[in-house]
Every structure is written in structure tokens, then in C-alpha cells.
Amino acid sequence: MSVEVRIPTILRSYTGGDKNVTGDGADLRALIVDLDARYPGIAERLVDEQGLRRFVNVYLNDEDVRFLGGLDTAVADGDSVTILPAVAGG
Amino acid sequence: MLKIRAELVDAMVAHARADHPDEACGVIAGPEGSDRPERFVPMVNAARSPTFYEFDSADLLRLYREMDDLGEEPVVIYHSHTATEAYPSRTDISYASEPLAHYVLVSTRDCGPEEGPVEVRSYRIVDGVVTEEQIEIVA
């Protein structure tokens, strides 16, 4: 099974410049663990002790995973995951 | 240096005035790798706050998909400060996540929603380091 993951510019230093990578996992948490095995350090940019970092948006297909199950959101073969840092400030 | 057409600067200022006293925000997209801001995209400040801005998460996805389809990137990311100078705040610096973008700050503290003096300044924000740059306004 494989899930396409879209990597934002700021995290492409982990993926050797690749915009799209593929990953594996039954849910988002497992997918991130899988990505981190190949792109060490990327998980820390996405999650902290509380779960998904507040200013990182992760979408499963068209839906923000915060409105699905967060890190427990199930992913399936052929799904597409998009990571986008929030555009925010003060 | 940020090279930008006058009408795009005017559009950012008009948006900032219209949303005053809340912060206004948006991007100016341009062809990938061109460093040329061309397409003005005002965004809704989902925080609707005088001290904070955040693109709505669904709008953000739509914006990035659209830029992808058009072969664009966010050349300028702008927002306004409505009570302080046009300099990146600590939160601006910690959330800045587009190392290739010009971060433009518009301050409406002196003009409010009316005509009047407005401050427009541009920065690079990379790895927490802010570097101000000149703005060259072209016709």
C-alpha cells in the first residue's frame, strides 16, 4: 500500500528536494513514523507531545485531519496527504 | 530586493485599510522561480484579530493547489500591523515558513481605514533571521 505525500518547500531539505514522496501506514501516525525512517527528523517538524503541531496543517485528500481523527486518521492505498505549514503571524 | 508593480502595492495597502483595525493578509503569487509577484490573492484572516492573522486552513489548501496548477509560488506573503510598526513580530518570525518569499508588512497605525501615511516594508525571514530589503516599485 502506498500513500502519496506532498512535502512543502520548508521540509524539502529532509526529502532531498522532493516535492512528492510515498509512504506507508494504516493511520497518519504510522505514516509519519514511516516517513521519519527514510527522512530522519521530519517527524519532529510535524508532531510534538500534544500531537500534530499547531501551525502545521495536514490534509487527507481535501480534508484537514483536525476535522477527521488527527493522528489517528486512517489512511488507505491511493490516498493523498498534503502537508502545509500554516500561514500565520501576529 | 523586492521588485513589484505599483498597483500591487496599492492593492495590499487598500486591503490593509479595508480590514483595519483587524490584520489583513494575503499573497501575491508569481511564476515559480521568477521572483516576480503577479497575481494578487487577498485572503481572509481566519483569526479576525487586530493582533494575529492566520489563513483559513481550507483556503490555504485551495490556494496552494491553485498555485501548483498554475506553476506558481507565493512570491510575496503580506499582512498588516494595525497598531505597531511594519516590522515582523516575534510570532511572525517563528511561523514564517516560506524561505523564498518576500514578507511584506503594511502598517496602518497612522492612517487607520482612511487615506493617510502608510508604512510598507519588505523582509526575508529564514531560520528565524529577519533581513530587511529594499522595495523597488515599477510601473
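Just so you know, all these numbers are worked out from the coordinates, no wet-lab data involved. Just so it is clear, the structure is predicted and the values come from calculations on it, not from any experiment. Glycine gets a Cβ as well: all are built from the backbone with ideal geometry, and neighbour counts include every protein chain shown.
Worth a mention:
- Between A:Asn20 and A:Arg38, full extension at 0.36 nm per residue minus the direct alpha carbon distance yields a gain of 5.1 nm.
- Here the relative contact order of chain A, from alpha carbon pairs under 8 Å that lie six or more residues apart, stands at 37 percent.
- Under 12 Å, Cβ to Cβ, from B:Ala47 - net charge with Lys/Arg +1 and Asp/Glu -1: -4
- Average other protein chain Cβ within 10 Å of Cβ, residues A:78-88: 6
- Where a label projected 7 Å from the Cα of A:Arg12 along Cα→Cβ would reach, residues of segment B:107-139 with amide N under 12 Å: none
- Per-residue ellipticity at 222 nm from helix content only, as computed over chain B with -39500 (n - 2.57) for each DSSP H run of at least four residues, stands at -7500 deg cm²/dmol.
- Taking every alpha-carbon pair under 8 Å whose residues sit at least 6 apart, chain B reaches a relative contact order of 28 percent.
- Least to most buried among B:Phe40, B:Phe55 (fewest other Cβ within 10 Å first): B:Phe40, B:Phe55
- Average other protein chain Cβ within 10 Å of Cβ, residues B:92-103: 4
- Between segment A:10-65 and segment B:81-96, the C-alpha centres lie 27 angstrom from each other.
- Summed residue charge, Cβ within 11 Å of B:Glu132's Cβ, Lys/Arg positive, Asp/Glu negative: +1
- For residues of A:2-12, the mean tally of beta carbons on other chains within 10 Å: 2
- Rounded to the nearest 20 debye, dipole of chain A from Cβ charges on Lys, Arg, Asp, Glu: 420
- Pairs of Cα atoms nearer than 8 Å and 6+ residues apart set the relative contact order; for segment A:46-90 it is 42 percent.
- Residue order, fewest to most beta carbons within 10 Å, for A:Asp36, B:Asp68: B:Asp68, A:Asp36
- Listed by Cβ neighbour count within 10 Å, with the fewest neighbours leading, B:Met67, A:Met1 appear as A:Met1, B:Met67.
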